[in-house]
Structure formats: structure tokens, C-alpha cells
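All remarks here apply to the structure that follows.
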Amino acid sequence: VFFLGVAIINPSIPITKNMYNDIFIVDISQSMNTEDMKVNNEKVSRMAYTKDLLHRLLERLPCKTKVSIGMFAGVSVAAAYTPIEVCDNFGSINGTVENLDWRSTWSGNTRIRESMVNLARLIRSFPESAQVIFFTDGEEAPKLHVFNRRDLSQFQGGQDWLFVGIGSDEGAPIPKYDNKNQLIGYWSNESFALQPGIAQISESNLGTRDNKTAYSESDRYISKLDDEYLRNLSKEVKGMFIKGDSPDSVLKAMEKQK
């Protein structure tokens with residue numbers, strides 16, 4: 001009778017709970033096709049590793065968390081949708097992750113530093129703000145020099161953004177595929193030339209990636225995780241950096257985000 005009375009009254013106790021809105025940004029540029037990572041002891045590309053990591057992260061996020069999936073290439077970021085509740089949309093979000101593909105790129109360049117302003121602008125367009133978890137190998141193409149290095153000293157948008165480094169310290173050549181995903185060669189050292197010069201000061205200061213491929217192993221450009229660059233970049237925008245070694249390490253870092 002007592003418990004029946006409690007059930008009829010149906011009392012509630014309000015509690016405080018942290019709510020999270022996250023946008024997972026995945027670098028889909030061609031350096032993410034580099035095969036220097038492992039999943040289940042099998043060598044895979046950085047892209048495949050990132051997708052597996054995201055799947056494992058999503059299944060451990062608490063309900064009421066809102067998630068968006070974004071793609072980075074060139075100088076900009078595109079979101080597949082504004083953040084949506086992870087449990088109600090679990091299948092759809094995982095489907096978005098599974099379909100991430102380098103062929104969705106809209107630019108052959110990779111300008112992570114330049115994209116910071118565009119990413120902040122994208123988040124401001126959301127109905128609710130979101131924290132950034134950015135998966136990348138830190139590969140800038142073309143390489144940074146005095147003419148194309150954006151000054152971020154006054155940047156306002158990156159508080160607590162999390163940069164997750166994907167790639168190995170040993171590195172590997174970057175494969176070059178055709179539009180049918182068939183291997184046609186590897187990117188050459190010349191593809192990442194510095195391109196200094198006065199002609200770079202205008203719109204072309206974004207540079208272009210040379211389209212040449214390597215004809216021999218000695219000509220191949222070896223891509224590595226540039227963790228030093230990502231650490232410095234994260235400090236400049238008041239963010240954080242970790243290596244994407246496991247879902248545990250990423251989740252632990254995400255808990256530090258506001």
C-alpha cells in the first residue's frame with residue numbers, strides 16, 4: 001500500500017546533468033589514405049582507423065549527447081547535419097561515419113591552419129554551440145611558409161577544441177587513387193614543394209598541390225603524424241591535443257571539454 005501510494009504521487013527529484021554537443025571533424029584529404037595504422041593487427045589507412053575509432057566512441061557516448069559529423073578538406077569544413085541526439089539517431093550517425101570517403105573532397109589541398117576560422121564560423125551557424133573533436137594527421141599541403149601561414153594570435157573560436165592525431169611516427173607514402181579508388185601511384189616529394197615567392201600573396205597564397213606521382217620509391221613523399229605541429233596549433237587556439245591511440249584516451253580528453 002505504501003509503494004502504491006508512492007507510485008500514485010510519482011515524486012521526482014531534479015538533478016543536474018552535463019549535456020554535451022559535439023562535432024567530430026574528420027580530415028578526408030588524401031594523406032589520410034596513408035596506410036600506417038592498425039585495426040585488429042591488420043594494416044589499414046588512417047581514414048579506416050579513424051572510422052573504426054569513431055564507431056567505438058559513438059557506442060560509448062551517453063544518451064542525450066548530441067553529435068554532428070563534419071568533413072575537412074582544403075580550407076573549409078562541411079557538416080553533414082547539425083548535432084543530433086546520439087541514441088535516437090545511432091544508426092544514421094554510424095552510417096555517416098562509414099560513408100566518409102576521400103572522394104568527397106572539394107579541394108586537393110590540406111590547409112588545417114587556414115580552416116580554423118571557417119570551422120568557428122560553421123559552429124556559430126548551429127542552433128546550439130558544439131565542441132570540436134578534430135581527427136587529422138596534421139599534414140599541411142602545400143607546406144607552410146611565410147606567405148601562406150595565417151596569424152592566429154587573435155583567434156577567438158577554439159576554446160577547448162580537441163585535436164586527435166592520427167598516423168604513425170614512422171610514416172608511409174601517400175597513395176594516389178583514381179576516381180574508382182584504383183591505385184595509380186604515390187605522391188612525390190615535388191608534390192609538397194614550399195612554393196615561396198611574391199606570386200603567392202594574392203588568392204594563390206593558398207597554394208596548389210603539385211599533381212605529380214613518384215616513379216620510384218626514393219621519389220615518394222613519406223607522410224608522418226605531425227604531432228609537434230598539432231600541439232603548437234592547439235595551443236595557439238587554446239585547445240588540446242592527444243594522439244588517437246584508443247577510444248579511452250579520446251573520451252578522457254573529451255571529459256575535460258566544457
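The values are calculated or read from the model by the stated rules, or taken from the named source; none is laboratory data. The structure presented is a predicted model; accordingly, all values stated were derived computationally and were not measured. Using ideal geometry, Cβ is built from the backbone for each residue, glycine included, and neighbour counts are taken over all protein chains shown. Side chains are part of the model used for accessible areas, which takes the heavy atoms of the whole protein and leaves out ligands, DNA and RNA. Shrake-Rupley method; radii C 1.70, N 1.55, O 1.52, S 1.80 Å.
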Note to self: Using Cα-Cα distances under 8 Å and only pairs 6 or more residues apart, what relative contact order does segment 119-190 have, in percent?
What the structure shows: 29 percent
Next item on the list: Can you give me the P(r) profile for segment 1-126? Cα pairs, bins 10 angstrom wide beginning at 0, each as a whole percent.
Entry: 11, 33, 29, 12, 7, 6, 2, 0
Next item on the list: May I ask for the net charge around ASN118, where only other residues with Cβ less than 13 Å from the Cβ of ASN118 are counted and Lys, Arg are +1 while Asp, Glu are -1?
Entry: +4
Margin query: Please give the Cα centre distance for segment 171-187 versus segment 1-34, rounded to the nearest Å.
Written below: 41 Å
Note to self: Need one value: the accessible area of GLU128 in square angstrom, 1.4 angstrom probe, rounded to the nearest 10.
What the structure shows: 90 Å²
Notebook entry, point to check: THR16 accessible area, nearest 10 Å², 1.4 Å probe?
Noted result: 140 Å²
Check: At a probe size of 1.4 Å, how large is the accessible area of CYS87, to the nearest 10 Å²?
Finding: 60 Å²
Next item on the list: Quote the relative contact order of the chain in percent (integer), defining contacts as alpha-carbon pairs under 8 Å separated by 6+ residues.
Entry: 21 percent
Note to self: Give me the mean projected area, in nm² to one decimal, of the convex hull enclosing the Cα positions of the chain.
What the structure shows: 17.5 nm²
Check: Okay, helix-only estimate at 222 nm for the chain: each DSSP H run of n ≥ 4 adds -39500 (n - 2.57), divide by all residues, round to 500 deg cm²/dmol; what do you get?
Finding: -7000 deg cm²/dmol
Notebook entry, point to check: DSSP H helices in the chain with Cα extent of 24 Å or more along the helix axis and mean Kyte-Doolittle hydropathy at least 0.0?
Noted result: none
Margin query: With an 8 Å Cα cut-off and a minimum separation of 6 or more residues, compute the relative contact order for segment 2-113 in percent.
Written below: 29 percent
Check: Would you list ARG46, ARG124, ARG56 from the most to the least accessible area, probe 1.4 Å?
Finding: ARG124, ARG56, ARG46
Margin query: With the cut-off at 28 Å, tell me which of the pairs LYS66/LYS252; LYS176/LYS235; LYS180/LYS243; LYS143/LYS256; LYS224/LYS252; LYS51/LYS224 have Cα atoms farther apart than that.
Written below: LYS176/LYS235; LYS180/LYS243; LYS143/LYS256
Margin query: Cut-off under 20 Å on the C-alpha distance; same-chain residues fewer than 8 positions from LYS17 excluded. Which aspartates and glutamates are left, in chain and number order?
Written below: GLU59, GLU85, ASP88, GLU128, ASP160, GLU255
